[in-house]
Amino acid sequence: MNKYFNKVSMYIICMSVFCGLTSCTDYLDKAPNSDIGWEEPYKNFKNFQGFTEELYNCIPLVSAHAYHNSFNLGEDVYWAPDITYPLAYCFDQGNYWAWSSGADAGTGWLGKGGDPANNDDRGKKGYLWSFAWYGIRKANIGLDNLDLLTDATSEERDLIAGQLYFFRGWFHFMLMQYWGGLPYIDTMLASDQVLRLPRLNYQDTAEKAAEDFQKAADLLPIDWDETTAGKATVGNNNLRINKIMALAYLGKNLLWAGSPLMNKESTGDASYNIELCRRAADAFAQALRLSESTKRYELADFSNYSGLFYTHNQNGQIPGLKEAIFMENLVMSTTRWRWNMVNNYRPKCIIASGVKVNPTANYVDYYGMQNGLPITDIEKKDLVSGYDPEYPWKNRDPRFYNDIVYDGVMCCLNSKGNMDEYTQYASLFTGGTYREGVKGAVTGYSITKFCPPLINDYDGYSENNCFVLSFMRLADVYLMYAEATAYGYGTPQSKANEYELSAVEAVDKIRARAGVEGIDDRYLGSTESFMSELRRERAVELAFEGHRFVDLRRWMLLLDSPYTLKKAVYFDRAPGNFDYDNPQEAHVMNLREEVLFERRYSQKHYWLPFSQSDVNMYPEFKQNPGW
């Protein structure tokens, strides 16, 4: 056997024997006729769908597969430096090797290992690299045996094929957005085949993924509940792959391929690829038209905004409402959040355990004013936007109040009446109780987007929470549509084919949901001016959902200040009684920001390195530059 084959088999080829080894003694103990023929999984729809279901198990778990999960890798969060194993901490130091090695990799979700067949242990589910190659192999096995599906209707056959094409494209897409162009494995690889599949450039890989996403979109229904085959599982089909999912990922795949980083990797040109953006815009437009006309997916009302991210005391109900399009793995979804980020999102004074992580002050600054204008300098008064550093929490974007714990917000009920005010309410001013030590809220803020505001050790809100991260939700599709349309069709006022919303109208739709005014005219004179506000809108609407690292990379902003900085805010409360009923009206003095950490990156940090064992498989599988 080829000397390189032993190493590649772990990912591309022999994952199919993951649980397949048995002893001779076991074989002799089997009852007659107990062996299942190799064609059995493919003979009818029920069997083939059972085979295909494992691909859903290969969707990685991002948010809760370890005790302390690190999935925000941009300038958005700051981990307490007393413990150095969170993946984001390692990435801050420039150590991208941590994605695949040791305890560092255990806090991320990109690594190697796990078990796609295990549905009872969240610790087995956070491994994108291994699960993606396993899933690609399984999708190819299914497509190679599709001709054996003879006991099935044409609808059933289309459902199987559509899912297989989708997952083959999706797993390749998920890998290449972090590692760049790959060999696109779209055929069965024989066990004795000598591997010489070269890495394609990013856009060539994306074109192959686009073919698979388009095939999936052509074959799949909008709603499985409306199909004959889906009637058997009616009411339980919400997460099954459908036409809108496939179109949305087709658009995302093409927009990523057309973005500056990916265009540079493929062509040497670090600008947007207009043609790819135009195609992306048209794909998004199809997905949005279908969503709006069928109500298959809908933007949640802002009064239910927290229901997109978590549920509390709702018998384990999965969050996401009708806005979530594609979600992370659901293993142990009703219990897994209790011993994870719930502990990490509050300072030690109210939750003693946990490894603390807080939003950076400079990231919180992206939450501008309710009138839609940005805060250009957090330390200076702005007569145009109305921002005042002496009243920094006043008239802010309503999502600020939903996502962020700021000074004076109530964090404990004090039901026994024995708690001092600086513990019951967030004392985040300079020298405040909440900021004490490395396990305090050292940046001056805490995150409350993914958990009830009253998470603490006293009031019971730490229990019975269910959090599931969405890989894609409808708001994201509107924002990606806006970006693709502005570059693909030329202006913020442009529209994609056969769709009524312009790029700016799509952004304003998301802002309107939150009660924020639309993009001001001063940002609509050019696509680049518009993009400054669109980037800020993505930062706010998708805050802490794991998108920022990829966005900064594809926009080629990762190396540029201020995106390399992680800051804290400091201020004093003004003299007088503090109005805890209206903390947004608080008067503060001496507000300033200081840098806690600055990333020192070079060009190589735009892509993750492949493991040395992988690049040693065969000469054509080359390492990323600089690694």
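Mind running the shape call on region 473-558? Use the C-alpha gyration tensor, a ≥ b ≥ c as the square roots of the eigenvalues: rounded below 1.5 for a/c, prolate if a/b tops b/c, oblate otherwise.
Working: a/c = 1.43, a/b = 1.23, b/c = 1.16.
Judged from the Cα gyration tensor, region 473-558 comes out rounded (a/c under 1.5).
Show the residues, 5+ positions off or on another chain, whose built amide H is closer than 5 Å to the amide H of residue 405.
The answer is 446, 447, 448.
Taking R0 as 25 Å, what's the FRET efficiency between residue 595 and residue 388 from their Cβ-Cβ distance, rounded to 0.05? Numbers along the way, then the final one.
On the way: r = 23 Å, r/R0 = 0.94.
After rounding to 0.05, the efficiency reads 0.60.
Rounded to a whole number, what % of the accessible area of region 382-536 do carbon and sulfur atoms account for, probe 1.4 Å?
Details: 2560 of 5390 Å².
Of all accessible area on region 382-536, carbon and sulfur atoms account for 48 percent.
Could you order 252, 243, 231 by accessible surface area, starting with the largest, using a probe radius of 1.4 Å? Before the final figure, lay out each step's value.
Details: 252 15, 243 50, 231 115 Å².
Of 252, 243, 231, the descending order of accessible area is 231, 243, 252.
From the backbone phi of region 592-608, what are the Karplus-calculated ³J(HN,Hα) couplings (6.51 cos²θ - 1.76 cosθ + 1.60, θ = phi - 60°) in whole Hz, Gly and Pro given as x?
7, 10, 10, 6, 8, 7, 10, 6, 10, 10, 10, 4, 4, 7, 6, 10, 6
So between residue 603 and residue 512, what do we pick up on full extension, going 0.36 nm a residue minus the alpha carbon distance?
On the way: separation 91, 0.36 × 91 = 32.76 nm, distance 3.80 nm.
My answer for the length gained is 29.0 nm.
What do you get for the angle between helix 474-489 and the principal long axis of the chain? Use alpha-carbon atoms, 0 to 90 degrees, nearest ten.
80 degrees
Using a simple spin-label model with points 7 Å from Cα along the Cα→Cβ vector, what separation in nm is obtained for residue 154 and residue 292?
Once both label points are built, they end up 3.2 nm from each other.
At a 1.4 Å probe, what is the % contribution of carbon and sulfur to the accessible area of region 187-278? Let's see the in-between values first.
On the way: 1880 of 3700 Å².
About 51 percent, which is the carbon plus sulfur part of the accessible surface.
At 4 °C and 1.567 mPa s, what whole-number value in µm²/s does Stokes-Einstein give for the translational diffusion of region 55-105, with Rh from the Kirkwood sum over Cα pairs?
Working: Rh = 11.8 Å.
Reported coefficient: 110 µm²/s.
Assuming a ≥ b ≥ c are the square roots of the Cα gyration tensor eigenvalues, decide whether region 324-456 counts as rounded (a/c under 1.5), prolate (otherwise, with a/b larger than b/c) or oblate.
Values: a/c = 2.09, a/b = 1.28, b/c = 1.63.
It is oblate, given that a/c is not under 1.5 and a/b is not larger than b/c.
Using the alpha-carbon atoms, what tilt in degrees (0 to 90, nearest 10) does helix 45-57 show relative to the longest principal axis of the chain?
Computed tilt is about 40 degrees.
Order the peptides 492-501, 451-460 from the highest to the lowest mean number of other Cβ atoms within 10 Å of their residues.
Going by the mean number of other Cβ atoms within 10 Å, highest first, we get 451-460, 492-501.
Along region 173-182, what does the Karplus equation 6.51 cos²θ - 1.76 cosθ + 1.60 (θ = phi - 60°) give for ³J(HN,Hα), rounded to whole Hz, x for Gly and Pro?
4, 4, 6, 6, 5, 9, 10, x, x, 9
Between residue 302 and residue 190, take the C-beta separation as r, use R0 = 45 Å, and let me know the FRET efficiency to the nearest 0.05. Intermediate values should be presented prior to the final figure.
Numbers: r = 55 Å, r/R0 = 1.21.
Taking R0 as 45 Å, the efficiency between residue 302 and residue 190 is 0.25.
Using a simple spin-label model with points 7 Å from Cα along the Cα→Cβ vector, what separation in nm is obtained for residue 376 and residue 413?
4.7 nm
For region 456-462, in order, what is each residue's ³J(HN,Hα) by Karplus, 6.51 cos²θ - 1.76 cosθ + 1.60 with θ = phi - 60°, in whole Hz (x at glycine and Pro)?
Along region 456-462, the couplings run 6, 8, 10, 9, x, 6, 6 Hz.
What aspartates and glutamates could a cross-link reach from residue 622, if we take a straight Cα to Cα line under 13 Å and drop same-chain neighbours fewer than 8 places away?
Within the straight-line limit of under 13 Å, residue 622 reaches these aspartates and glutamates: 614.
Calculate, in whole percent, how much of the Cα-Cα pair population of region 198-281 lies beyond 18 Å.
Working: 1760 of 3486 pairs.
Cα-Cα pairs of region 198-281 separated by over 18 Å account for 50 percent.
Rolling a 1.4 angstrom probe over the protein chains, ignoring ligands and nucleic acids, what is the accessible area of residue 587 in square angstrom, nearest 10?
That residue has around 70 Å² of solvent-accessible surface.
Straight-line reach from residue 215: which lysines have a Cα under 24 Å away, not including same-chain ones fewer than 8 places off?
43, 46, 138, 231, 243, 252, 295
According to the square roots a ≥ b ≥ c of the eigenvalues of the Cα gyration tensor, what is the shape class of region 495-627, taking rounded for a/c under 1.5, prolate for a/b larger than b/c otherwise, and oblate for the remainder?
Numbers: a/c = 2.77, a/b = 1.37, b/c = 2.02.
In terms of gyration-tensor shape, oblate.
The values are calculated or read from the model by the stated rules, or taken from the named source; none is laboratory data. The shown structure was predicted, so the numbers you read here are calculated from the model rather than taken from an experiment. So basically every Cβ, Gly included, is an ideal-geometry build from the backbone, and we count neighbours across all protein chains shown. These area figures cover heavy atoms from the full protein model, side chains too; ligands, DNA and RNA do not enter into them. Shrake-Rupley method; radii C 1.70, N 1.55, O 1.52, S 1.80 Å.
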